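Each remark here refers to the structure printed beneath this line.
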Amino acid sequence: MLMVNDIKQGHFRALLKYRAKGDDFLRTVLEGLGKRNKYTSPVIQNEIVQVCNTILLRKIVNKVNKSKCFSVLADETTDISTKEQLSICVRYIDEQNMHHEDFLQFFEIESLTSDALANSILNGLIHCGLDCNYLYGQGYDGASNMAGQFKGVQTVVRSKYPKALYVHCAAHSLNLAVSTASGIKPIRNCLGLIEKVYTFFNTPKRNSVLLHVIENSDDEPSTKQLKRLCATRWIQRYDSVKDFSELFPFVLSALEIISDWKDPSEARMIKKSMEDTEFIISFNVIKLLFSFGLPLCKQLQKVQIDLGRTIYIVENMIATLKSIRENSEVEFCIVYNNVKVNS
């Protein structure tokens, strides 16, 4: 095992030192007497990373070009330094008929116009060494600058490579549908309160109260921390909702304790809102419906996706939601009675 003092030297040097225990030549290079080149400087480390990147990229590109058919997946985001980064991935089937989805590179971009993004994608593919004559598909989100029928990225790319059909990301479509459905006022307010509770306890002093309540309880929840609602993936919010449900009684107890502090107004307001019937019912509806979408969302984002399995999950989800809608009064009574029992 690596010792703490070794890791303080950096993971690269620590791993080399560990490996040298079974390699006399490497140990001589690293620890021998006299002046010598160790090849462990930060510059050398960066060069090694770049060489690994070049080798891996070349292998991926060779497999893609041999397949003579691939789709490009691209999305842009702002990194921590506020620079716009374009990520490019490819999907293809290799010579063994195995499906692959591989990341290629990040490319820094200066403009978010359709022409600029389209040129960045195509130039990025060419820079990596891919033959764009084999480009048969495009996969982006549904933003107008990406999916626009007249001036979107997909249209600009197809003007140069007509075979590259555009397909809206299925997981993103599901996300948009859930986002739109969550615009109903009680649901929107419920999600807003869940986020507010997370923010309220996201301080050491208040969080220590919540942990104290959990540790001194007879129950043992599977989690001891509230999770922030995912800002972009609505279906992924189910994890936060599930944890919030499990910690619900502990949160109320912690708020009760904090309400006795010098400035208790915010704690009392949050506690009162959490005990409101509309919030509790809305919360249980969210927990139920989000649970149906999570398996489908995960299935749609798998690298080795099984189309038959995916279709089965989609059809099953549609049938379930249709049944709930047709029997809405009965289903609501089930939710309402469940709330009464657990209140």
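The values are calculated or read from the model by the stated rules, or taken from the named source; none is laboratory data. Given the structure is predicted, the values throughout are model-derived calculations rather than measurements. Here Cβ is always computed from backbone atoms with ideal geometry, including for glycine, and neighbour counts include all displayed protein chains. Keep in mind that these areas ignore ligands, DNA and RNA; they rest on the heavy atoms of the full protein, side chains included. Shrake-Rupley method; radii C 1.70, N 1.55, O 1.52, S 1.80 Å.
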I want to confirm something. Restricting to the stretch 93-129 and keeping residues that are closer than 18 Å to Val153 by Cα and part of a strand (DSSP E or B), which single residue is most open to solvent (accessible area, probe 1.4 Å)? Phe106
Tell me which residues, restricted to the stretch 66-90, are open to solvent by 40 Å² or more (accessible area, probe 1.4 Å), more than 21 Å from Ser144 (Cα to Cα) and among the β-branched types (Val, Ile, Thr). Ile80, Thr82
Does Thr223 satisfy the condition of being within 26 Å of Gln301 (Cα to Cα), within 23 Å of the chain's Cα centre (by Cα) and either in a loop (DSSP other than H, G, I, E, B) or in contact (Cβ under 8 Å) with a residue 60 or more places away in the chain (or both)? yes
Can you name every residue in the stretch 325-341 that is surrounded by 12 or more Cβ atoms within 10 Å (Cβ to Cβ) and either touching a residue at least 24 places away in the same chain (Cβ under 8 Å) or small (Gly, Ala, Ser) (or both)? Val335, Tyr336, Asn338, Val339
I need the full set of residues from the stretch 179-202 which are among the β-branched types (Val, Ile, Thr) and surrounded by fewer than 18 Cβ atoms within 10 Å (Cβ to Cβ), in order please. Thr180, Ile184, Ile187, Thr199
Identity of the residue in the stretch 136-163, touching a Ser or Thr at 6+ places or on another chain (Cβ under 8 Å) and in a loop (DSSP other than H, G, I, E, B), that ends up least open to solvent (accessible area, probe 1.4 Å): Gly152
Every residue in the stretch 141-193 that is over 21 Å from Arg228 (Cβ atoms) and β-branched (Val, Ile, Thr), please. Val153, Thr155, Val156, Val157, Val167, Thr180, Ile184
Selection from the stretch 37-61 of residues that are under 19 Å from Gly129 (Cα atoms), surrounded by 11 or more Cβ atoms within 10 Å (Cβ to Cβ) and of a type outside the set (D, E, K, R): Asn53, Leu56, Leu57, Ile60, Val61
Among the residues that make up the stretch 206-217, is at least one of them without any contact (Cβ under 8 Å) to a residue 12 or more places away in the chain and among the acidic types (Asp, Glu)? yes
Single match in Pro162, Pro186 (criterion: at pLDDT 85 or above and more than 30 Å from Gln149 (Cβ to Cβ)): Pro186
Scanning the stretch 87-108 residue by residue, those closer than 19 Å to Cys169 by Cβ, without any contact (Cβ under 8 Å) to a residue 60 or more places away in the chain and of a type in the set (Asp, Glu) turn out to be Asp102
Search result, residues across the stretch 226-252 that are open to solvent by 60 Å² or more (accessible area, probe 1.4 Å), under 22 Å from the mean Cα position of the chain (by Cα) and without any contact (Cβ under 8 Å) to a residue 40 or more places away in the chain: Lys227, Arg228, Ala231
Condition check: farther than 24 Å from Ser67 by Cα and either of a type in the set (A, V, I, L, M, F, W, C) or in contact (Cβ under 8 Å) with a residue 24 or more places away in the chain (or both). Does Leu165 satisfy that? no
Please go through the stretch 173-220 and give me each residue that is in contact with a helix residue (DSSP H, G or I) (Cβ under 7 Å, 6 or more places away or on another chain), within 19 Å of Ile258 (Cβ to Cβ) and not in a loop (DSSP other than H, G, I, E, B), ordered by number. Leu193, Ile194, Lys196, Val197, Phe200, Arg206, Val209, Leu210, Val213, Ile214
The conditions are (1) under 23 Å from Ser120 (Cβ atoms); (2) modelled with pLDDT under 90, and Val64 fails exactly one of them. Which is it? (2)
Please determine whether any residue of the stretch 13-31 is in contact with a Phe, Trp or Tyr (Cβ under 8 Å, 6 or more places away or on another chain) and open to solvent by 60 Å² or more (accessible area, probe 1.4 Å). no
